[in-house]
1. Please tell me if GLU12 is closer than 20 Å to ILE125 by Cβ, surrounded by 15 or more Cβ atoms within 10 Å (Cβ to Cβ) and among the charged types (D, E, K, R).
2. Collect the residues in region 16-30 that are surrounded by 14 or more Cβ atoms within 10 Å (Cβ to Cβ) and more than 10 Å from the chain's Cα centre (by Cα), keeping them in residue-number order.
3. Is it true that GLU65 is over 30 Å from SER6 (Cα atoms) and of a type in the set (Asp, Glu)?
4. Within region 102-109, is even one residue among the aliphatic types (A, V, I, L, M) and modelled with pLDDT of 90 or more?
5. Looking for whichever is among the aliphatic types (A, V, I, L, M), at negative phi and under 27 Å from the mean Cα position of the chain (by Cα) here; the options are VAL59, VAL40, VAL54, VAL66. Which one fits?
6. How do the pairs read when you match residues in region 83-101 that are touching a residue at least 12 places away in the same chain (Cβ under 8 Å) with residues anywhere that are not in a strand (DSSP E or B), using Cβ under 6 Å and keeping only pairs 6 or more apart or on different chains?
7. Out of the residues in region 112-155 that are of a type in the set (A, V, I, L, M) and assigned to a helix (DSSP H, G or I), state the one that is nearest to ILE15 (Cα to Cα).
8. For region 77-111, which residues satisfy the criterion of being surrounded by fewer than 16 Cβ atoms within 10 Å (Cβ to Cβ), part of a helix (DSSP H, G or I) and not aliphatic (A, V, I, L, M)?
Amino acid sequence: MKYNTSYILNKEYFIESYEQSLPFSDRRKPKYGLVVFLAVLALFSIYQLQQHYVGYFLVALAVLEVVAFTYQKAWWVARQRLSRAAGNEVQLNVDEQGISTIFNGKKKLQSWSDIHDLIATDKGIIVVNNKGHRHYLSNSILNDEVIAFINTHKKQKPL
């Protein structure tokens with residue numbers, strides 16, 4: 001089988017990629033321990049050591065961590081939209097060799113032996129390679145035949 005398609009890396013694609021990948025990420029839970037630790041250190045620094053500047057700095061770090069978690073989706077999407085990749089076309093090829101992409105004249109191939117895991121989500125597939133890098137493929141750019149082909153190749157791969 002040989003499947004070729006192309007898609008644009010736009011805001012909608014980035015939002016979908018983030019939302020579908022987040023449940024499988026370590027960033028889905030806030031770091032309460034870190035925030036409490038920073039706050040305790042700040043209070044200790046302000047009241048016991050009389051180091052107000054250090055204490056205020058630690059309070060600012062705790063607040064920054066809370067803000068970073070609260071706005072992590074918007075921040076991630078904004079960073080992706082500011083990257084060189086945003087707005088460009090990606091050509092996706094799925095065949096017997098693996099899954100390859102062509103972007104800005106550069107071809108990258110994920111051979112079937114390099115794919116460690118496939119994670120099915122509500123709106124797509126997360127391809128995990130042997131190094132642990134994750135790549136999201138939306139179902140909107142794949143048809144049922146290609147999804148079945150990808151899943152079949154993953155099951156045939158020896159451990």
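1. Numbers: closer than 20 Å to ILE125 by Cβ: yes; surrounded by 15 or more Cβ atoms within 10 Å (Cβ to Cβ): no; among the charged types (D, E, K, R): yes.
So GLU12 fails the test.
2. GLU16, PRO30
3. Numbers: over 30 Å from SER6 (Cα atoms): yes; of a type in the set (Asp, Glu): yes.
Yes.
4. The answer is yes; a qualifying residue exists.
5. Of VAL59, VAL40, VAL54, VAL66, the one residue that is among the aliphatic types (A, V, I, L, M), at negative phi and under 27 Å from the mean Cα position of the chain (by Cα) is VAL66.
6. Pairs found: ALA85/LEU9; ALA86/LEU9; ASN88/LEU9; VAL94/VAL146; ASP95/LYS2; GLY98/TRP112.
7. At the first step, the residues of region 112-155 found to be of a type in the set (A, V, I, L, M) are 115, 118-120, 125-128, 137, 141-142, 146-148, 150.
Add one more test, that the residue is assigned to a helix (DSSP H, G or I), and what stays is 141, 146-148, 150.
On the way: ILE141: 15, VAL146: 23, ILE147: 21, ALA148: 25, ILE150: 23 Å.
Filtering first and then ranking leaves ILE141.
8. ARG79, ARG81
The values are calculated or read from the model by the stated rules, or taken from the named source; none is laboratory data. Only a predicted model underlies this, so the values are computations on that prediction, with no experimental measurement involved. Heads up, the Cβs are rebuilt from the backbone with ideal geometry, glycines too, and the neighbour counts pull from every protein chain shown.
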